[in-house]
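These notes concern the structure reproduced below.
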Amino acid sequence: MSVTTEPAGNANRPHYPVTDEPRQLDDEDMAFIVEYTNGGQVAALREHVLRVWQRAKQELWVYKCIQQFMFLIPKISRHPFYPKVLAAHQESQGQHMLHLDVGACLGQDTRRLMTDGWGQNQIVALDLVADYWKLGKVLFLDEDKMHVHLIVGSLTDEGFVSADNCYLRNSQLGELRRFPHCSCAFQAYTKPTFP
């Protein structure tokens, strides 16, 4: 993995204070990764999470969500609209459905969707850089089986949305029901970034 100094849009932005000591990871913190890895041993997974966290601190821009281990708990399932998203998916038997995970970071919300029945071909992840997504594959121990399409870019970049090769503009997507989701993306932007 290449070292990323900071994602686009963070020039001259103060770095979130990084502590050397992680906080204690309780059972709630570990619940989803234990579920996703099919009941892996909690103690071994906790050590794995701490190693990945240390790696993130050394190699990547440390956002608050990384510093505070917020990447362990999917936020999408706590959203009041989530039951409707699940119901629509079940009602349609997954046909003509697409979920866009904006600010996917390490991919915890994408993986929550997968554990709740969404197919990898029904999810598109979007982030400013690919490094967090790649580290998420290490974190969730699914490097060889995670094939969700990742789009790297910024929704605030006019060229990104209008690009000819943009996956989201594919004419086959016209009939899909789309569910965009964005839980922690705005911390990556500074005020001058927005039009």
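Quick rundown of the values:
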| read-out | value |
| --- | --- |
| Förster radius 30 Å - calculated FRET efficiency between GLU28 and HIS149 (Cβ-Cβ, nearest 0.05) | 0.50 |
| Eligible lysines near LYS57 by straight Cα distance, threshold 21 Å, same-chain separation 8 or greater | LYS134, LYS137 |
| Distance from the stretch 25-66 to the stretch 109-161 (C-alpha centre basis), Å | 18 |
| Entries of LYS64/LYS84; LYS64/LYS145; LYS75/LYS145 with Cα pairs more than 26 Å apart | LYS64/LYS84; LYS64/LYS145 |
| LYS64 paired with GLU35, simple spin-label distance in nm, labels 7 Å along Cα-to-beta-carbon | 2.5 |
| Other-chain or far-sequence residues with amide H under 5 Å of VAL124's (modelled H) | HIS99, LEU100, ASP101 |
| Phi-based couplings in Hz for the stretch 113-127 (Karplus 6.51, -1.76, 1.60; Gly and Pro marked x) | 4, 5, 5, 9, x, 6, x, 4, 6, 9, 10, 10, 9, 10, 8 |
| Estimated distance in nm for a label pair at GLN54 and HIS96, the labels positioned 7 Å out from Cα along Cα-to-Cβ | 5.2 |
| Most to least accessible of ARG78, ARG55, ARG112 (protein chains only, probe 1.4 Å) | ARG78, ARG55, ARG112 |
| Area of LYS145 that stays accessible when all protein chains are in place (1.4 Å probe, Å², to 10) | 110 |
| The stretch 8-154: relative contact order in percent, alpha carbon pairs under 8 Å with at least 6 residues between | 22 |
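The values are calculated or read from the model by the stated rules, or taken from the named source; none is laboratory data. Computed from a prediction, not measured in an experiment: that's the story for all the values here. Cβ coordinates were reconstructed from backbone atoms using ideal geometry, including for glycine residues, and neighbour counts include every protein chain displayed. Only protein heavy atoms, including side chains, enter the accessible area calculation; ligands, DNA and RNA are left aside. Shrake-Rupley method; radii C 1.70, N 1.55, O 1.52, S 1.80 Å.
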